[in-house]
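Have a look at the structure below before the remarks.
The values are calculated or read from the model by the stated rules, or taken from the named source; none is laboratory data. Quick caveat, the model's predicted, so the values are computed rather than measured. Note that we place each Cβ from the backbone using ideal geometry, even for glycine, and neighbour counts take in every protein chain shown. Quick note on the areas: whole protein, heavy atoms, side chains included, nothing else; ligands and nucleic acids left out. Shrake-Rupley method; radii C 1.70, N 1.55, O 1.52, S 1.80 Å.
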Amino acid sequence: MEAEPPLYPVARAAGPQGDEDPLGVPDGQAAPLDDLVGAYPNYNEEEEERRYYRRKRLGVLKNVLAASTGGSLTYGVYLGLLQMQLILHYDETYREVKYGNMGLPDIDSKMLMGINVTPIAALLYTPVLIRFFGTKWVMFLAVGIYALFVSTNYWERYYTLVPSAVTLGMAIVPLWASMGNYITRMAQKYYEYSHYKEQEQGPQNRPPRGSHAPYLLVFQVIFYGFFHLSFACAQLPMVYFLNHYLYDLNHTLYNVQSCGTNSHGILSGFNKTVLRTLPRSRNLIVVESVLMAVAFSAMLLVLGLCGAAYRPTEEIDLRSVGWGNIFQLPFKHVRDFRLRHLVPFFIYSGFEVLFACTGLALGYGVCSVGLERLAYLLAAYSLGASTASVLGLLGLWLPRSVPLVAGAVLQLLLTLCLFFWAPVPRVLQHSWLLYVAAALWGVGSALNKTGLSTLLGILYEDKERQDFIFTIYHWWQAVAIFAVYLGSSLPMKAKLSVLVLTLVAAVTSYLWMEQKLQRGVVPRQPRIPRPQHKVRGYRYLEDDNSDASDAEDEAGPRPGPEPAGLSRRSCPYEQALGGDGPEEL
């Protein structure tokens with residue numbers, strides 16, 4: 001019988017030149033095991049590490065772009081559908097022919113009530129949702145609820161529109177709170193991946209406070225640049241579809257007597273019929289199908305391209321502080337004087353964006369130049385805000401208060417000008433002033449939103465607090481929007497007066513906060529409880545607790561002996577060997 005060949009090549013026949021085998025071993029010698037399974041001889045550890053962290057940084061940029069695009073598409077679809085729906089339902093001929101005595105105005109009022117009133121309760125459940133599902137999954141679920149609202153418009157009935165509007169109202173604050181938290185976490189991750197060598201030298205030391213601020217500012221500029229584009233995207237259904245069915249301004253504004261600062265409510269005297277011809281149901285289904293496809297694409301974008309905001313062990317630590325504590329901590333953060341001083345700015349942030357869409361666009365724009373130019377006015381606001389988001393980068397060289405206060409001063413001057421301006425109905429000579437005012441208001445909105453979100457990410461950079469802080473921010477915005485909804489019938493001068501007073505109070509309170517911080521006043525922050533790791537279903541090894549939080553690492557092990565009831569149980573393999581635990585192995 002022939003001998004079996006060796007499993008591994010030992011040597012080959014010597015050639016005339018004393019050749020070596022492919023492994024670089026001289027003739028007649030066995031190849032060492034290290035040469036067969038060892039590291040690649042040309043392996044450069046430093047270069048591979050640099051490439052690894054470069055891929056990580058590109059992944060963070062991908063996450064920011066995906067979240068920004070998904071948020072922009074979602075909000076654009078929501079605004080576009082709601083705007084088209086309200087215009088169609090306003091026309092009394094459309095209501096009578098399409099729906100008879102179903103009561104569409106009553107359904108619309110209850111739908112708007114559900115969208116504006118439900119977020120008031122969001123402070124009670126938003127932090128719990130974010131901690132339970134995780135930041136990315138709350139974003140995905142909220143975008144899915146927006147898509148659900150779009151889908152209910154295929155069959156417009158009370159039992160479809162009103163429940164979907166209430167559900168949408170419940171998702172507003174969780175969506176934008178998780179978005180703000182997500183962008184802030186991406187900035188912190190990008191700093192970690194850019195300064196990985198510092199992390200290797202001192203892994204137990206936290207980075208300097210505010211070290212991630214430049215990256216946070218750039219990411220917030222990207223996010224709000226995309227977000228403000230959603231207002232322009234929302235006008236596409238009107239520009240390419242609904243404008244072809246509208247009457248001109250001579251018909252719709254025939255009974256309108258006063259506009260601007262002399263107006264009362266929303267478009268008093270506006271004609272009850274705004275549609276020349278009724279759109280076919282098939283065309284409406286096509287438009288709604290396109291909007292549904294865009295909303296579904298936003299869902300897939302968030303699901304497929306957005307990575308996790310936290311590591312799995314970090315998410316476990318965030319949940320392990322106790323659900324009762326998670327519920328209470330947003331209220332306990334009222335102790336912090338920084339948040340108390342920023343509350344007027346939060347309220348004004350909700351006032352100003354809704355004033356741009358209702359007061360400026362309707363009370364000054366549609367009231368004087370007609371409904372057919374509404375889309376172009378909001379597009380001017382959108383493009384001005386999106387372009388001016390780049391001005392937020394001035395915070396890289398200027399003090400952080402300059403862009404925020406500059407945006408507030410710009411909107412204050414515009415509000416004072418609007419206070420004394422009453423455009424004449426059906427006169428187009430002043431229409432260019434409306435576009436300029438809308439674009440400049442967008443500049444102020446961009447500086448406001450970018451500055452506030454960046455400021456919160458800098459002041460509260462602890463990962464244990466960010467979801468609470470952004471929940472409080474967007475909850476106060478929702479409260480302001482609810483107040484605007486309640487006061488929609490007030491005279492324009494009253495609305496402008498409230499806007500001016502709120503803006504002056506916001507700037508004064510914010511500058512007072514900055515002065516306190518410069519004097520070294522220490523804010524009183526609520527203590528975040530230690531994560532309770534020893535729970536059923538998840539076991540930690542005390543000798544090598546890789547999932548310990550930073551605060552736990554700094555505090556060190558607890559003094560005293562460990563209670564006997566909390567020791568680790570022996571696994572089945574150890575029980576089969578007859579031991580009681582790892583000590584006897």
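Net charge near ALA483: determine it from the other residues with C-beta under 14 Å of the C-beta of ALA483, scoring Lys and Arg +1 and Asp and Glu -1. Provide the component values of the computation, followed by the final result.
Values: positive: LYS495; negative: GLU352.
Surrounding charge for ALA483 is 0.
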Exercise for review: Report the accessible area of VAL443, computed with a 1.4 Å probe over the heavy atoms of all protein chains in place, in Å² rounded to the nearest 10.
Suggested key: 30
**Study point:** Pair TYR158, ARG209: separation of 7 Å Cα→Cβ label points (nm)
**Key:** 5.6
Check your understanding: What Kirkwood hydrodynamic radius do you get for segment 284-360 when you take the inverse of the mean 1/r over all pairs of distinct Cα atoms, in Å?
Key -> 17.3
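Gain in length, VAL117 to MET102, computed as 0.36 nm per residue apart minus the alpha-carbon separation, to one decimal in nm?
Full extension from VAL117 to MET102 adds 3.0 nm.
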Practice item. State which entries of LYS62/LYS189; LYS136/LYS463; LYS272/LYS495; LYS62/LYS136; LYS189/LYS449 exceed 18 angstrom in Cα-Cα distance in the structure shown. Key: LYS272/LYS495; LYS189/LYS449
Check your understanding: Ignoring ligands and nucleic acids, what accessible area does ILE115 show with a 1.4 Å probe (Å², nearest 10)?
Key -> 10
Practice item. Would you tally the net charge around TYR247, using a Cβ to Cβ cut-off of less than 15 Å, leaving TYR247 out, and scoring K and R as +1, D and E as -1? Key: 0
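Among SER401, SER281, what's the order by accessible area (1.4 angstrom probe), most exposed first? Kindly include the intermediate steps, with their values, before the conclusion.
Details: SER401 30, SER281 65 Å².
Sorted descending by solvent-accessible area, the residues read SER281, SER401.
Around ARG185, what is the net charge, scoring Lys/Arg as +1 and Asp/Glu as -1 over all other residues with Cβ under 13 Å from its Cβ?
Working: positive: LYS136, LYS189, ARG311, LYS463, ARG465; negative: GLU192, GLU314, GLU315, GLU461, ASP462, GLU464, ASP467.
Net of charged neighbours comes to -2.
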Exercise for review: Sort ILE120, ILE183 from largest to smallest accessible area, using a 1.4 Å probe on the heavy atoms of the protein chains.
Suggested key: ILE120, ILE183
Practice item. Loop only per DSSP, at most 12 neighbouring Cβ atoms within 10 Å: give me the trypsin sites (Lys or Arg not before Pro) in segment 319-378, ordered by residue number. Key: none
Check your understanding: Hey, got the Cα dimensions of segment 204-295 along the principal axes, in Å, largest first?
Key -> 70, 41, 16
Review point. With labels modelled as points extended 7 Å from the Cα through the Cβ direction, what inter-label distance (nm, one decimal) is found for PHE327 paired with LEU511?
Key: 4.3
Point to revise | Per-residue HN-Hα couplings for segment 186-192 [Karplus 6.51, -1.76, 1.60; θ = phi - 60°; Hz; x = Gly/Pro] | key: 5, 5, 5, 5, 4, 5, 4
Check your understanding: For the residue pair SER489 and LEU278, what label-to-label distance in nm results when each label sits 7 Å from Cα along the Cα-to-beta-carbon direction?
Key -> 3.0
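Please work out the Cα convex hull volume for segment 403-464 and give it in Å³ per residue.
Working: hull volume 5.9 nm³, N = 62.
Enclosed volume per residue, from the Cα hull, is 95 Å³.
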Exercise for review: Quick one: order TRP475, TRP512 from most to least accessible surface, probe 1.4 Å.
Suggested key: TRP512, TRP475
Revision key, fill the gap. The answer for LEU275, listing residues at least 5 apart or on another chain whose modeled amide H is closer than 5 Å to its amide H, is TYR247
